[in-house]
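Here's the structure, in structure tokens; my notes come after.
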Amino acid sequence: MIRTLHLWLLCLCAANALAQPSGVTDKNIAIIEYPDFPEAHSTWGSIGYNAASNTVHIGVTNHANNIALYSFDPAQHATKLNGFIRDMANLRPYQWQGKIHSKIVAAPDGSIFFSTDGGESREEYLMEHPQGYAGGFFMQWNAKTGLKNLGIGMQYESIKDVDIDPKTGMLYGITYPQAHFLVYDPAKNHLRDLGRLASSHVPRVLFTDWWGNCYYVDWRQRLVKYEKDRDSLVFALEALPAFPGTPGSKIITGVTAYAKDEAKGIIYLITYGAKLIAFHPEKEGIGQVTDLGGVIDTGNAPAWGPYVPNLNVGRNGKLYYIIGGHGNYVMKDKTVLVEFDPATGKKAILKNFPITAITEATGSDIRDKDGNLYFAARRNPSGKGDDTRPYLIQFNPEKEIRK
């Protein structure tokens, strides 16, 4: 078997820091399927946790023109289809939406918020065209009152990601393809455009700190902070850490995932250039950034190569992420689940999966009250092309959750 592995993978497996730990088995992982949507194709970071109800919410798409909104109740181990966005939001055919690309964020009252995205090439090629893309919507959903359409962010622009100030309910958004930073107060229906923060390829991820300030990256991968108390943008002087030789196409894409450890005052980040970073936010100004190295030892392969669009932090303080997707894998046609211990700096491959089981997993910072972690995943049953099927992964690194 060793002879079939790439040379760099031999180096990876030989590294002491990547010794396979014991204790994590298939019983630590549960697979949750989405019912009543046979044409479902994928999920794109469209997942979030609602602490008020201890539920996980997921947006699932056919990657064309139909999006389903699901809820998963861990206590009942039950998945519910809440409806289809185009029907619940009373969208017209010219208001078609390709997917939810944003994370799903929750307000203290149990409402969730998200945004919609064109999600395919006709958004770019048919802009300002009768059959083109009208623009992405802000939306709110509540289990008691259903879906509320909050309106378009900007004409012809998707809203790639959103986040929320948990104290005020203010929403933040980033648009595509022009990367306008939006600040939206749903209580007053007041929307402001603070201008463009990037160019060329649009970074996909916004995140907030515990004070409700919002962060993004510019085209040089420098943090940009919306400081809410001063209602102003603060720009970092230095770019986030990157490996020497990281291509510009990866630098301009910025952060792919994050997870918060508020007790330690740290927001962990993963970049498109495969760097793990510990960010220590401050209420005013830009906080300190610590380089934690690469997401995995790649041996002779470029350290900036691995693709990681997900990140969670366990109650044990360790980070968990699944490497691979979009045709980019550190093991041939396999994704790998990795554990990283910030206290020791050690990384360990817990399991690997063929792409017929896990093609890709997305989502940031989704952990329920029992310590279960969640990833919005998809599989490619044939192992060929892009004919994928989405599902939800529930993972607990500290206890068995499946009989």
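The values are calculated or read from the model by the stated rules, or taken from the named source; none is laboratory data. None of these values were measured; they are calculated from a predicted model. With ideal geometry, Cβ positions are generated from the backbone for all residues, glycine too; neighbour counts draw on all protein chains shown.
What are the residues in region 151-210 that are of a type in the set (Ser, Thr, Tyr) and touching a Cys at 6+ places or on another chain (Cβ under 8 Å), if any?
172, 208
Scan region 200-247 for residues that are touching a strand residue (DSSP E or B) at 6+ places or on another chain (Cβ under 7 Å), assigned to a loop (DSSP other than H, G, I, E, B) and free of Cβ contacts under 8 Å to residues at least 40 places away in the same chain and jot them down.
218, 220, listed by residue number.
Report, by residue number, each residue of region 244-273 that is small (Gly, Ala, Ser) and crowded, with 20+ Cβ neighbours inside 10 Å.
254, 257, 259, 273
Among the numbered conditions (1) crowded, with 20+ Cβ neighbours inside 10 Å; (2) farther than 29 Å from residue 28 by Cα, tell me where residue 276 comes up short.
(2)
Is it fair to say residue 373 is in contact with a helix residue (DSSP H, G or I) (Cβ under 9 Å, 6 or more places away or on another chain), in the same structural domain as residue 263 (by the TED database), in contact (Cβ under 8 Å) with a residue 60 or more places away in the chain and within 13 Å of residue 395 (Cα to Cα)?
It is false that residue 373 is in contact with a helix residue (DSSP H, G or I) (Cβ under 9 Å, 6 or more places away or on another chain), in the same structural domain as residue 263 (by the TED database), in contact (Cβ under 8 Å) with a residue 60 or more places away in the chain and within 13 Å of residue 395 (Cα to Cα).
Tally up the residues in region 308-329 that are charged (D, E, K, R) and either within 14 Å of the chain's Cα centre (by Cα) or within 15 Å of residue 349 (Cα to Cα) (or both), please.
So the count comes out to 1.
Read through the list (1) modelled with pLDDT under 95; (2) surrounded by fewer than 17 Cβ atoms within 10 Å (Cβ to Cβ), then give the number of the only condition that residue 96 fails.
(2)
Listed residues 65, 82; which is more than 24 Å from residue 257 (Cβ to Cβ), assigned by the TED database to the domain that holds residue 147, among the polar types (S, T, N, Q) and not in a loop (DSSP other than H, G, I, E, B)?
None of the other options fit; the residue is 82.
Would you say residue 250 is over 13 Å from residue 181 (Cβ atoms) and in a helix (DSSP H, G or I)?
yes
Please specify each residue of region 295-330 satisfying the condition of being in contact (Cβ under 8 Å) with a residue 24 or more places away in the chain and surrounded by fewer than 18 Cβ atoms within 10 Å (Cβ to Cβ).
Of everything in region 295-330, those that are in contact (Cβ under 8 Å) with a residue 24 or more places away in the chain and surrounded by fewer than 18 Cβ atoms within 10 Å (Cβ to Cβ) turn out to be 299, 300, 301, 302, 315, 316, 317, 326.
Scan region 146-201 residue by residue and report those that are of a type in the set (Ser, Thr, Tyr), more than 22 Å from residue 249 (Cβ to Cβ) and either surrounded by fewer than 21 Cβ atoms within 10 Å (Cβ to Cβ) or over 20 Å from the mean Cα position of the chain (by Cα) (or both).
Hits for region 146-201 are 156, 168, 184.
Output the residues belonging to region 376-397 that are closer than 24 Å to residue 53 by Cα and out of contact with any helix residue (DSSP H, G or I) (no Cβ under 8 Å at 6 or more places or on another chain).
Residues satisfying the conditions are 376, 377, 390, 391, 392, 393, 394.
Residue by residue, here is whether (1) surrounded by fewer than 19 Cβ atoms within 10 Å (Cβ to Cβ); (2) out of contact with any Leu (no Cβ under 8 Å at 6 or more places or on another chain); (3) under 30 Å from residue 291 (Cα atoms); (4) at pLDDT 95 or above holds:
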{"site": "350", "(1), (2), (3), (4)": "no, no, yes, yes"}
{"site": "364", "(1), (2), (3), (4)": "no, no, yes, yes"}
{"site": "371", "(1), (2), (3), (4)": "yes, yes, yes, yes"}
{"site": "376", "(1), (2), (3), (4)": "no, no, yes, yes"}
{"site": "383", "(1), (2), (3), (4)": "yes, yes, no, no"}
{"site": "393", "(1), (2), (3), (4)": "no, yes, yes, yes"}
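Which one of these does residue 276 not meet: (1) closer than 26 Å to residue 117 by Cβ; (2) of a type outside the set (D, E, K, R); (3) touching a Phe, Trp or Tyr at 6+ places or on another chain (Cβ under 9 Å)?
Every condition holds for residue 276 apart from (1).
Just the residues that are assigned to a strand (DSSP E or B) and hydroxyl-bearing (Ser, Thr, Tyr), please, taken from region 28-59.
42, 49, 55
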